[in-house]
Amino acid sequence: MQDNLSQALERDVRMANDANCFALSEATDGAAQEGQSVFGVILGTGVGGGLVVEKQILNGLNGVAGEWGHNPLPWALEGERPGQPCYCGQSGCIETFLSGPALARTFENICGTKIDSKEIPNLPDDITDPVFLIYENRLARALASVINLFDPDVIVLGGGVSNVDRWYQTVPDLWTRWVFGKECDTKLVKAKHGDSSGVRGAAWLWPATS
Ligand SMILES: [Zn+2]
């Protein structure tokens, strides 16, 4: 598509998906700018991921590098398999456990109430605690699998579900259980530029030096 657009517009065109743009924005001048290698995650309506090395998106041969949301949730616990069907055709994808709608579904299973996931962080701790314990354990397992594969300096979270402040303490405390060697200095940080990071990252596809 990039080549077709480039031909039609008679100019160079650069394109990347929203998660890659998000990761690039945060790795370039956002919360992950100190990291040479960065994994950016959007925990929103869906779950997307993007890999950035030395301020460059790692696209991969097939253009799917970082699409960790459609790997199965690792170290599955009893009751997590086969998991919910995913739009991608598989079941039990990380996205089906960690997206905003997935958090709302976990909340409904535990608390018996339907609620928009955006409202959950504003509820009292005693209500959210059992739900967050389940969610953060899943997030820690899913991110440990990224650390074992890519071992980034920084993992940065964006999207609606990233606005739960406790993740940044609880998830790194948990993930060492599954990180090979049990030692892990990887930083987990919240996006600096919030919802603007996608658009900002698209602009950063044209670095100031080029
Ligand atoms: Zn999927």
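Considering each residue of the stretch 84-105, count those that are near the ligand (Cβ under 7 Å from one of its atoms), outside any loop (DSSP other than H, G, I, E, B) and touching a strand residue (DSSP E or B) at 6+ places or on another chain (Cβ under 6 Å), and give that number.
Adding up the residues that qualify gives 1.
Only one residue in Gln7, Gln33, Gln2 is modelled with pLDDT of 95 or more and out of contact with any His (no Cβ under 9 Å at 6 or more places or on another chain). Which one?
Being modelled with pLDDT of 95 or more and out of contact with any His (no Cβ under 9 Å at 6 or more places or on another chain) holds for just one of Gln7, Gln33, Gln2, which is Gln33.
Which of the following residues is closer than 17 Å to Thr170 by Cβ, part of a helix (DSSP H, G or I) and touching a residue at least 40 places away in the same chain (Cβ under 8 Å): Leu133, Leu139?
Leu139
Just name the residue that is nearest to the ligand (Cβ to nearest atom) out of those in the stretch 106-122 that are surrounded by 14 or more Cβ atoms within 10 Å (Cβ to Cβ) and farther than 18 Å from Thr45 by Cα.
Ile110
Can you work out which of the residues in the stretch 131-190 that are charged (D, E, K, R) and closer than 23 Å to Lys55 by Cβ is farthest from the chain's Cα centre (by Cα)?
Asp185
Restricting to the stretch 55-84, give me the number of residues that are open to solvent by 50 Å² or more (accessible area, probe 1.4 Å), touching a helix residue (DSSP H, G or I) at 6+ places or on another chain (Cβ under 9 Å) and under 20 Å from Ile147 (Cβ atoms).
Of the residues in the stretch 55-84, 6 are open to solvent by 50 Å² or more (accessible area, probe 1.4 Å), touching a helix residue (DSSP H, G or I) at 6+ places or on another chain (Cβ under 9 Å) and under 20 Å from Ile147 (Cβ atoms).
Out of curiosity, is Gly66 more than 15 Å from the ligand (Cβ to nearest atom) and closer than 21 Å to Val179 by Cα?
no
For a quick check of your reading of the model, give me the residue pairs whose first member lies in the stretch 78-97 and is within 14 Å of Leu139 (Cβ to Cβ) and among the aromatic types (Phe, Trp, Tyr), whose second is near the ligand (Cβ under 7 Å from one of its atoms) and at pLDDT 95 or above, with beta-carbon atoms closer than 6 Å and at least 6 apart or on different chains.
none
What's the number of the condition Cys184 fails, among (1) farther than 19 Å from Ile57 by Cα; (2) free of Cβ contacts under 8 Å to residues at least 60 places away in the same chain; (3) in a helix (DSSP H, G or I); (4) of a type outside the set (Asp, Glu)?
It fails just one condition, (3).
Given the residues Gly50, Gly66, which is the only one that is without any contact (Cβ under 8 Å) to a residue 40 or more places away in the chain and within 22 Å of Gly100 (Cα to Cα)?
That would be Gly50, the only listed residue that is without any contact (Cβ under 8 Å) to a residue 40 or more places away in the chain and within 22 Å of Gly100 (Cα to Cα).
Look at Ser91 and say whether it is of a type in the set (S, T, N, Q) and crowded, with 18+ Cβ neighbours inside 10 Å.
Criteria not met by Ser91.
The values are calculated or read from the model by the stated rules, or taken from the named source; none is laboratory data. Predicted model only: the values in this text are computed from it and were never measured. Note that each Cβ is placed from the backbone with ideal geometry, even for glycine, and that neighbours are counted across all protein chains shown. Note: accessible area is taken over every heavy atom of the protein model, side chains too, but ligands, DNA and RNA are not part of it. Shrake-Rupley method; radii C 1.70, N 1.55, O 1.52, S 1.80 Å.
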